[in-house]
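The following block contains the structure, expressed as C-alpha cells.
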C-alpha cells in the first residue's frame, strides 16, 4: 500500500511537471508582437558544435548592423537562437521566436535547419531572408522565403565555365559527400563539365574523414587545377596535404573558401575562389564594415558576417521604403508588404556583397567576383 | 464472465496502472488545452519531443534494464525507422488522402523494418558480452547512419525532406506511447518478462532452468528496435528534413542517460527522466540565446555530473538516505494517512526481488571474483525450527 | 605504398589514444568517454603556447606544456569526477565521463570560441619521399609503445598497475596504494593523449572544440578490436584501423563508406574473437 502511494505521488509529480511546462508557457492571446518596442529580427543558427563558427559570424554581422541602425530613427532587436545545425532545434527555435514576438527573420544559417525554419515561417507568413543557406530546398515553393547568398548550383556552373576559359588541361575535383553545400555545387559542376565536354579526376571525402587528406592529395597531385567546393577549414587541410605531396596545382574554390587566408601559411600554390565578399576590397563601405567588426569582436569578418550584415540592412531598407513604422505590426502584415517591396521593379541594394536584386522565387542575383591569393 | 470481472476487481492494483493513468491524464488534459487554444505551439512541440523521448527511453530500458545488455546504438534503429517511415510517407501520401492512415502505415512499416535490424544486432548479442556488445551496437548505429547518408534516394547529405505534421502531432504520439506502455508492461510482468530478467540476473542459471536464451535475447532486441523505429517515424513526422547527423552515437548516449537516471529496470523512472531531461534541454534552449548559447552544454554537463554523483557515490549514501524523493513522499503520506500498514500477509508476487544488482552484471566483469550468489532474505533466527 | 605508410602513421596516432582508453579500462573498469576531449585540451595547450612565437625553444616548451596540461587535467578529472564514484555502478561512471566530455567541450568553446584555430607545427621536408612528420610520428609512436610495454612489465610500479587491474582488493592487501596507481594510470593515459594530439596536429593543422571527438571514437574502436584492457592489443588495433581507413579512402568507389567499413571490421573481428584480437578469454562459471 505504501509503495502504491509512492507511485501515485510520483506519477502526480510527473503530470505536474508536464502541466507546469504547459502553464508557464501558456498565454491567452495570439498577438505576440503587441509589446514590441523595436522590430524584432529572429534567427537560428549553430552557435555551438561543429558548425558554430558560421552561426557566430552571422550573429556578429547581424548584431553589428542592428547596432548601427539603432543609432537612427528605426529601432531593431536581434534574437539569435542556437540550433547546432539540427532541424529539430530550428523548429523549436522558430516556435520560441515566433511566440516571443519575432516579426521578420534571418532564417537558418545551415541548409537543413534553414529549410525547416523557412517551411514554418512560410506557413505563418513570416518574411525570411537567409544570409547563408544556399541549398535549393530553402527557398523552393515558398513565397515568403528569400536568400542573399548564391545558390549552390550557380557556383558550380560558374566554376565549370571559368575552368573552360582558363584552358587548363589536367583537372581534378574533390568534394564532401556528406555536406549539402559541397555536393550541391559539385552536382551542378559535374553536369556543366559534361556539357562543356571536359573530363576530370573525381575524389570525395566525408564528414567523418574530413581531416586527413593524404590519400586524395596523392591521387590529385598531378593536376593543374583542382576544384574544391567546400569550406575553408577542410580546404586548408587539403591544401597542406597537397603541399606535402609537392604539387603545384592551382586550388580553386567557392565562397566557402572565405577565411582560408589565415590557415595557409606554408602553402605556395595559387588559390582562387568565387566570392561576393572580399575583405581586402578598396570599397569604402567594406572598409568601414571591416574596421567596425574588428573593433567590436576583435577578429576579421568573414563572408557569413558580411551576408548577415547585408540581410539586416536590406530588411531595414525595405521596411523603410514600404513605410512601416509601427513596431507592433504583426509578422504576416509585414510579410506581404516586404514581399511586394523586395520583388518590386527597381528595388535593389548595394551592399558589402555586391549589388543585389530579387525575383519571386526568392533567389538573389548579384555579380560574382574571383579573388586570388598567392 | 462474472467471476472474470470480480477477479479483475479484486486483483486491481493502482500501481499496475499508474503509468497509463499518468500518460492518459496528461494526454486528455493537453488535448483539451490544445483545442481550447491555451497550449502554445512551442509547448505542443515540446510535448511531442517528450513523447518520442519516452518511447526511446522505455524501449532502451527493455534491453539495458531488463535484458541487462548495454546498447549504444539505439539511435541507429531510430534512424532506420525515420528514413523508411518518411520515404514511405512521401511515396504514399498522394495515394492515400487520410493523414492518420498514412501515419499508421508508416509507423507499422518503419517499426517493422527497424525490428529487422534489431534482429541483426541481436545475433552478435548471443556471442558477445558487456562492453564488447556495447561497442558493436555503437558500431552498428554508425554503420546505418553512414549508409543512409550515402543512399541517393534518401536525399544524401541534403537529408530527406518531408511534409511534417502540425503541432497536434503530440496526440498520436501519446496514443502510440500508451500502446507501447501496454505492450512493454504486460511483457515485463508476464512469464516472458520473468524469463528475460532471469537471463539478466544469471544467464547460465537461466539456461539450466530451461529458458531459451537465444530466443529471448533476440526477442527483446526485436521489440526494442521496433519501438525505436516507431519513435523514428514520429521524429520524421515531427521535423524536416531528416538529417543523418541527428542519429549519431551522441544521441544514443543521451537516451542511455535517460534510462540510467530514471533507474534501470524501472519503466516509470524512464518516463520521468525522459520528460525531465527533455524539459531541461528545452528550458536551456529557451533561456539562452546569442552568446550565452555556449553555456547550454556547460549547465547540462554540470547537472548531469552532480545528479549522477549524488545518486551513486558510495560516500554520499547517508545523505541520499536522508534526503530523497521517496522519503519526502513517505513523509507526506504519513501526514495524510495513519493506517497504511495492512495486508502484508498475502503472497505478493511483485515483491519478489528480481532486480538483483543489475549493475554488477552490466559491469561486464565475468570473472568469478566478484560474483556473489543471490542470497535469499535472511530468515529470522527466532523462526528457525 | 605511400597509402600504407600514411595508414601506419595514422594508426600510430590511434594506437597512442587507444592505449589511454585501454589502460584506464584495464585498471578502473570504466569507459572514459572524456578521453577524446583530453586530446583536444592538449591541442589547445600546444596552440596557446605557440602563440608566443616561432622558435625551437618555444616548440619544445609547447610540447612540454601540452603534456603537463593533459596530465594535470587527467588527474584532476579522475580525482573530482570519477573517484567519488569508485565502487558505484560502471554505467554511472560512464555517464559522468560523458558529462565531463560535454563540459570540456563547452569550456573550450567559451575560451577559444568555436572557430577553428590554425596550428603550424610540423617538420618540413621529406626523406625517401615520405614527409618527415610522418616518419617522426611512426618513430616516436613505436618508441613510446615499446617504452610503455617495458614499464608495465619490468618496473615495480608497472607490476603494481597490473596487480590493481587483476584484483584491486587483493592488490591493496599486498600494500599497493590503489588510488595512487589509478591516478598514475590516468596521468600516463593523458600524457599519451597529449602525444597523440601533437602528432595529429602535424597532419591536421587545425584545432576546434570538437577536435578530439572523431579520433577518440575511432581509437576506442581500435582498443576494442585489439581486446580492451590489453596494451599490445591497443597498438595492433590502432595500426590496423589506420591502415584500413587509408586503404578505403584511396579507393573511390568505397571511399564514402569508409566509416561503415571500419566499424564492420570491428563487428567481424568480434564475432570471430569475442574478446578482441588479444583480449583474454574469461571463463564463465555459476
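Looking only at the stretch A:78-108, count every residue that is over 21 Å from residue B:44 (Cα atoms), within 13 Å of chain B (Cβ to nearest Cβ) and in contact with a helix residue (DSSP H, G or I) (Cβ under 7 Å, 6 or more places away or on another chain) and tell me the total.
Taking the stretch A:78-108 and keeping what is over 21 Å from residue B:44 (Cα atoms), we get A:78-80, A:84-85, A:103-108.
In the following step, the residues that additionally are within 13 Å of chain B (Cβ to nearest Cβ) were identified as A:78-80, A:84-85, A:106, A:108.
Pick out the ones that are also in contact with a helix residue (DSSP H, G or I) (Cβ under 7 Å, 6 or more places away or on another chain) and you get A:78-80, A:85, A:106, A:108.
Total satisfying the criteria: 6.
Could I ask something else about it? Report the residue count in the stretch A:145-157 for those that are at pLDDT 85 or above and within 16 Å of residue A:228 (Cβ to Cβ).
Number of matching residues: 1.
Suppose we filter A:84, A:88 for residues that are modelled with pLDDT of 60 or more, out of contact with any strand residue (DSSP E or B) (no Cβ under 9 Å at 6 or more places or on another chain) and farther than 30 Å from residue B:268 by Cβ; which single one remains? Don't jump to the end; show me each part of the working.
Numbers: A:88 fails: farther than 30 Å from residue B:268 by Cβ.
When all the criteria are applied, what remains is A:84.
In this structure, does residue B:199 turn out to be assigned by TED's automatic domain parsing to the domain that holds residue B:72, within 30 Å of residue C:256 (Cα to Cα) and in contact with a helix residue (DSSP H, G or I) (Cβ under 7 Å, 6 or more places away or on another chain)? Walk me through it before giving the result.
Details: assigned by TED's automatic domain parsing to the domain that holds residue B:72: yes; within 30 Å of residue C:256 (Cα to Cα): no; in contact with a helix residue (DSSP H, G or I) (Cβ under 7 Å, 6 or more places away or on another chain): yes.
Spelling it out, it is not the case that residue B:199 is assigned by TED's automatic domain parsing to the domain that holds residue B:72, within 30 Å of residue C:256 (Cα to Cα) and in contact with a helix residue (DSSP H, G or I) (Cβ under 7 Å, 6 or more places away or on another chain).
Now a separate question. Determine which member of the set C:98, C:67 is closer than 30 Å to residue A:238 by Cα, away from chain A (no Cβ under 14 Å), touching a residue at least 60 places away in the same chain (Cβ under 8 Å) and assigned to a helix (DSSP H, G or I). Before you say what the answer is, go through the steps one by one.
Numbers: C:98 fails: closer than 30 Å to residue A:238 by Cα.
Matching residue, one of C:98, C:67: C:67.
Collect the residues in the stretch A:172-200 that are in contact with a helix residue (DSSP H, G or I) (Cβ under 6 Å, 6 or more places away or on another chain) and closer than 21 Å to residue A:222 by Cα, keeping them in residue-number order.
A:172, A:174, A:175, A:176, A:189, A:193
While we're here: Any residue that is over 24 Å from residue A:151 (Cα atoms), surrounded by 14 or more Cβ atoms within 10 Å (Cβ to Cβ) and without any contact (Cβ under 8 Å) to a residue 24 or more places away in the chain - is there at least one of those in the stretch A:292-312?
yes
Here is a further query. Can we say residue B:66 is modelled with pLDDT of 80 or more, in contact with a helix residue (DSSP H, G or I) (Cβ under 8 Å, 6 or more places away or on another chain), surrounded by 24 or more Cβ atoms within 10 Å (Cβ to Cβ) and over 17 Å from residue B:231 (Cα atoms)? Break it down stepwise before answering.
Numbers: modelled with pLDDT of 80 or more: yes; in contact with a helix residue (DSSP H, G or I) (Cβ under 8 Å, 6 or more places away or on another chain): yes; surrounded by 24 or more Cβ atoms within 10 Å (Cβ to Cβ): yes; over 17 Å from residue B:231 (Cα atoms): yes.
The answer is yes for residue B:66.
Report yes if some residue within the stretch B:160-168 is within 22 Å of the chain's Cα centre (by Cα), more than 29 Å from residue C:255 (Cα to Cα), more than 14 Å from chain C (Cβ to nearest Cβ) and at pLDDT 80 or above; otherwise report no. Give the steps one after another, and end with the answer.
Restricting attention to the stretch B:160-168, the residues satisfying the condition of being within 22 Å of the chain's Cα centre (by Cα) are none.
No, the stretch B:160-168 contains no residue that is within 22 Å of the chain's Cα centre (by Cα), more than 29 Å from residue C:255 (Cα to Cα), more than 14 Å from chain C (Cβ to nearest Cβ) and at pLDDT 80 or above.
Name the residues in the stretch B:89-124 that are within 14 Å of chain C (Cβ to nearest Cβ), surrounded by fewer than 21 Cβ atoms within 10 Å (Cβ to Cβ) and in contact with a helix residue (DSSP H, G or I) (Cβ under 6 Å, 6 or more places away or on another chain), would you? Break it down stepwise before answering.
As a first pass, look at the stretch B:89-124 and keep what is within 14 Å of chain C (Cβ to nearest Cβ): B:117, B:120-124.
Narrowing the set further to residues that are surrounded by fewer than 21 Cβ atoms within 10 Å (Cβ to Cβ) leaves B:120, B:123-124.
Scanning the stretch B:89-124 gives a single hit, B:124.
Here is a further query. Just a yes or no: is a residue in the stretch A:113-130 within 25 Å of residue A:253 (Cα to Cα), assigned to a loop (DSSP other than H, G, I, E, B) and under 14 Å from the mean Cα position of the chain (by Cα)?
No, that holds for no residue.
Scan the stretch C:122-131 and give yes if some residue there is in contact (Cβ under 8 Å) with a residue 24 or more places away in the chain, crowded, with 16+ Cβ neighbours inside 10 Å and under 30 Å from residue C:2 (Cα atoms), otherwise no.
From the stretch C:122-131, those in contact (Cβ under 8 Å) with a residue 24 or more places away in the chain are C:122-123, C:129-130; that's our starting set.
Imposing the further condition that a residue be crowded, with 16+ Cβ neighbours inside 10 Å reduces the set to C:122, C:130.
Checking the rest, the ones that are also under 30 Å from residue C:2 (Cα atoms) come to C:122, C:130.
Checking the stretch C:122-131: at least one residue is in contact (Cβ under 8 Å) with a residue 24 or more places away in the chain, crowded, with 16+ Cβ neighbours inside 10 Å and under 30 Å from residue C:2 (Cα atoms).
Checking the conditions here, which among C:180, C:199 is modelled with pLDDT of 85 or more, surrounded by fewer than 15 Cβ atoms within 10 Å (Cβ to Cβ) and assigned to a helix (DSSP H, G or I)? Lay out the reasoning, then the answer.
Numbers: C:199 fails: surrounded by fewer than 15 Cβ atoms within 10 Å (Cβ to Cβ).
Matching residue, one of C:180, C:199: C:180.
Then there's this: For the stretch A:345-374, enumerate the residues that are surrounded by 14 or more Cβ atoms within 10 Å (Cβ to Cβ), without any contact (Cβ under 8 Å) to a residue 40 or more places away in the chain and assigned to a loop (DSSP other than H, G, I, E, B).
A:347, A:348
Continuing with this model, one more query. Is it the case, given these coordinates, that residue B:231 is within 13 Å of chain A (Cβ to nearest Cβ) and at pLDDT 90 or above? Can you show your working first?
Working: within 13 Å of chain A (Cβ to nearest Cβ): yes; at pLDDT 90 or above: yes.
The answer is yes for residue B:231.
Still on this structure, please answer the following. If you check C:209, C:274, which single one turns out to be within 12 Å of chain B (Cβ to nearest Cβ), part of a loop (DSSP other than H, G, I, E, B) and under 18 Å from the mean Cα position of the chain (by Cα)? Even if it seems obvious, please write down each step before you answer.
On the way: C:274 fails: under 18 Å from the mean Cα position of the chain (by Cα).
Only one candidate passes the filter, namely C:209.
Can you work out which of the residues in the stretch B:96-115 that are free of Cβ contacts under 8 Å to residues at least 40 places away in the same chain and part of a helix (DSSP H, G or I) is nearest to the chain's Cα centre (by Cα)?
If we filter the stretch B:96-115 for residues that are free of Cβ contacts under 8 Å to residues at least 40 places away in the same chain, which is where we start, we get B:96-98, B:101-102, B:104-105, B:108-109.
Add one more test, that the residue is part of a helix (DSSP H, G or I), and what stays is B:101-102, B:104-105, B:108-109.
On the way: B:101: 26, B:102: 25, B:104: 21, B:105: 23, B:108: 19, B:109: 20 Å.
Once the filter is applied, the top-ranked residue is B:108.
On the given criteria, is residue B:279 away from chain A (no Cβ under 12 Å), under 23 Å from the mean Cα position of the chain (by Cα) and either at pLDDT below 75 or not in a loop (DSSP other than H, G, I, E, B) (or both)? If you could, list the steps in order and put the result at the bottom.
Details: away from chain A (no Cβ under 12 Å): no; under 23 Å from the mean Cα position of the chain (by Cα): yes; either at pLDDT below 75 or not in a loop (DSSP other than H, G, I, E, B) (or both): yes.
When the stated conditions are applied, residue B:279 does not pass them.
State whether one or more residues within the stretch B:247-264 are on the phi > 0 side of the Ramachandran plot and out of contact with any strand residue (DSSP E or B) (no Cβ under 6 Å at 6 or more places or on another chain).
Going through the stretch B:247-264, the residues on the phi > 0 side of the Ramachandran plot turn out to be B:263.
Subsequent filtering for residues that are out of contact with any strand residue (DSSP E or B) (no Cβ under 6 Å at 6 or more places or on another chain) retains B:263.
Looking for residues that are on the phi > 0 side of the Ramachandran plot and out of contact with any strand residue (DSSP E or B) (no Cβ under 6 Å at 6 or more places or on another chain), one finds at least one in the stretch B:247-264, hence yes.
Same structure, new question: Please determine, by comparing only the residues of the stretch A:149-198 that are in a loop (DSSP other than H, G, I, E, B) and under 20 Å from residue A:247 (Cα atoms), which one is nearest to the other protein chains (Cβ to nearest Cβ). Explain how you work it out, then say what you get.
The initial filter retains those residues of the stretch A:149-198 that are in a loop (DSSP other than H, G, I, E, B), namely A:149-151, A:167-170, A:177-179, A:197-198.
Filter once more, keeping what is under 20 Å from residue A:247 (Cα atoms): A:167-170.
On the way: A:167: 26, A:168: 21, A:169: 21, A:170: 17 Å.
If we take residues in the stretch A:149-198 being in a loop (DSSP other than H, G, I, E, B) and under 20 Å from residue A:247 (Cα atoms), then A:170 is nearest to the other protein chains (Cβ to nearest Cβ).
On the given criteria, is residue A:262 surrounded by fewer than 19 Cβ atoms within 10 Å (Cβ to Cβ), without any contact (Cβ under 8 Å) to a residue 60 or more places away in the chain and more than 26 Å from residue C:209 (Cβ to Cβ)? It would help to see each step written out before you state the result.
Details: surrounded by fewer than 19 Cβ atoms within 10 Å (Cβ to Cβ): yes; without any contact (Cβ under 8 Å) to a residue 60 or more places away in the chain: yes; more than 26 Å from residue C:209 (Cβ to Cβ): no.
No: the conditions fail for residue A:262.
Looking at the stretch A:233-274 only, could you name the residues that are assigned to a helix (DSSP H, G or I), more than 9 Å from every other protein chain (Cβ to nearest Cβ), over 14 Å from residue A:185 (Cβ atoms) and in contact with a strand residue (DSSP E or B) (Cβ under 9 Å, 6 or more places away or on another chain)?
A:238, A:239, A:242, A:260, A:261, listed by residue number.
For residue C:250, which of the numbered conditions (1) modelled with pLDDT under 85; (2) away from chain B (no Cβ under 11 Å); (3) under 20 Å from the mean Cα position of the chain (by Cα) fails to hold?
(3)
Look at residue B:141 and say whether it is in contact (Cβ under 8 Å) with a residue 60 or more places away in the chain, more than 14 Å from chain C (Cβ to nearest Cβ) and closer than 25 Å to residue A:92 by Cβ. Can you show your working first?
Values: in contact (Cβ under 8 Å) with a residue 60 or more places away in the chain: yes; more than 14 Å from chain C (Cβ to nearest Cβ): no; closer than 25 Å to residue A:92 by Cβ: yes.
It is false that residue B:141 is in contact (Cβ under 8 Å) with a residue 60 or more places away in the chain, more than 14 Å from chain C (Cβ to nearest Cβ) and closer than 25 Å to residue A:92 by Cβ.
The values are calculated or read from the model by the stated rules, or taken from the named source; none is laboratory data. Just so you know, these numbers come straight off a predicted model, no measurement behind them. Heads up, the Cβs are rebuilt from the backbone with ideal geometry, glycines too, and the neighbour counts pull from every protein chain shown.
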